[in-house]
Amino acid sequence: MGPAPRRGPVSALGRAGGQHARLVRARRPGRGAVSVPRAEQAAGDALGPVLDAYLAAILAPDGPRAWATIRDALAAGADPRALYLDVLAPAMVEVGRLWETARIGVAQEHLATQITQTVLARLAPELEEDPTALPGRTAVVAGTPGELHAIGARMVADFLEAAGWEVLFVGPDAPGADIVDLAARRRPDVVALSTALAANVLAAGRVFAALRRLQPPPLIAAGGRAYDGDRARALVAGADIYAADPSLLLAELALALDGPSAP
């Protein structure tokens, strides 16, 4: 889902009344939402200097230096997933904040985005198979209609592919009707919609409502900065699952789709 700041333990799963029936099996006795493990938080802290160096490179803008920063971190033993979640994602959140506060212009924001897209393409092959892999599953991953930000959705697609999913990556700003038509034809296990701008949450809700009218409906996942970490807002919009980052999404999908039935 879209890049979001890491804020310690993140609540990632919820279900509103009348939403996807498969989530009944996702709840286990005494189990709440998935949270970020302490070891993962520590890894994020350790990558602080890498984040600083990467952010400086993409703002320069200096694409070769940006990739060299990631390449050197890999050579030093950094987990590729941690580089996605604790370097690339927060770097792009900061770029967005700088643009929103008029500290950088559109051209500089676009350059930083293009550099990061190139880095993602080179980093994705380094992702090893995820322990929560669900091979044989299919996902449609898209940006919300009107949403021009593609990096969050691309990260989700990369994590799902590394976990053995067949991923139909639609990209940003796909018409809602086309997303629903694709889901009707391919019948994916999940449709994941990334929304970076709060103004696009209503558009996401319209897509969710149309997906829910399919028989059977797919599991619907929402994420992105637009929700500002607020799971309830995503559920009100019509999602079955809210996840603040791709790693949490994988954990919740494993729970929702393959978890044991609650007593």
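Let me know the volume per residue of the alpha-carbon convex hull for the range 39-126, in Å³.
Cα convex hull per residue, to the nearest whole number: 80 Å³.
Quick check: net charge around LEU123, other residues with Cβ under 14 Å of its Cβ, Lys/Arg +1 and Asp/Glu -1?
Neighbourhood net charge equals -3.
What is the calculated FRET efficiency for GLU166 to ALA199, with r their C-beta to C-beta distance and R₀ = 35 Å, to the nearest 0.05?
The computed FRET efficiency comes out at 0.65.
Could you compute the FRET efficiency for ARG97 and GLU126, with r as their C-beta to C-beta distance and R0 at 35 Å, rounded to 0.05?
Taking R0 as 35 Å, the efficiency between ARG97 and GLU126 is 0.80.
Using just the C-alpha positions of the range 184-242 as equal point scatterers, what log10 of I(q)/I(0) does the Debye formula give at each q in 0.14, 0.21 1/Å?
For the range 184-242 at q = 0.14, 0.21 Å⁻¹, log10 I(q)/I(0) is -0.33, -0.71.
Can you list residues from other chains, or at least 5 along the same chain, whose modelled amide H is less than 5 Å from the amide H of SER194?
Under 5 Å from the amide H of SER194: ALA142, GLY143, THR144.
Residue by residue, what Karplus-based ³J(HN,Hα) values in Hz, rounded to whole numbers, does the range 223-233 have, using 6.51, -1.76 and 1.60 with θ = phi - 60° and x for Gly and Pro?
For the range 223-233, the Karplus curve yields x, x, 5, 4, 8, 6, x, 9, 4, 4, 5 Hz.
Using the basic label-point model (7 angstrom from Cα toward the beta carbon), what is the ARG213 to ARG65 distance in nanometres?
That separation, rounded to one decimal, is 5.2 nm.
Give me the extension gain from ALA75 to LEU257: residue separation times 0.36 nm, minus the current Cα-Cα distance, reported in nm with one decimal.
Between ALA75 and LEU257, full extension yields an extra 62.0 nm.
Since every read-out is calculated from the coordinates, none of them should be taken as a lab result. Quick caveat, the model's predicted, so the values are computed rather than measured. Glycine also receives a Cβ, built like all others from the backbone with ideal geometry; neighbour counts cover every protein chain displayed.
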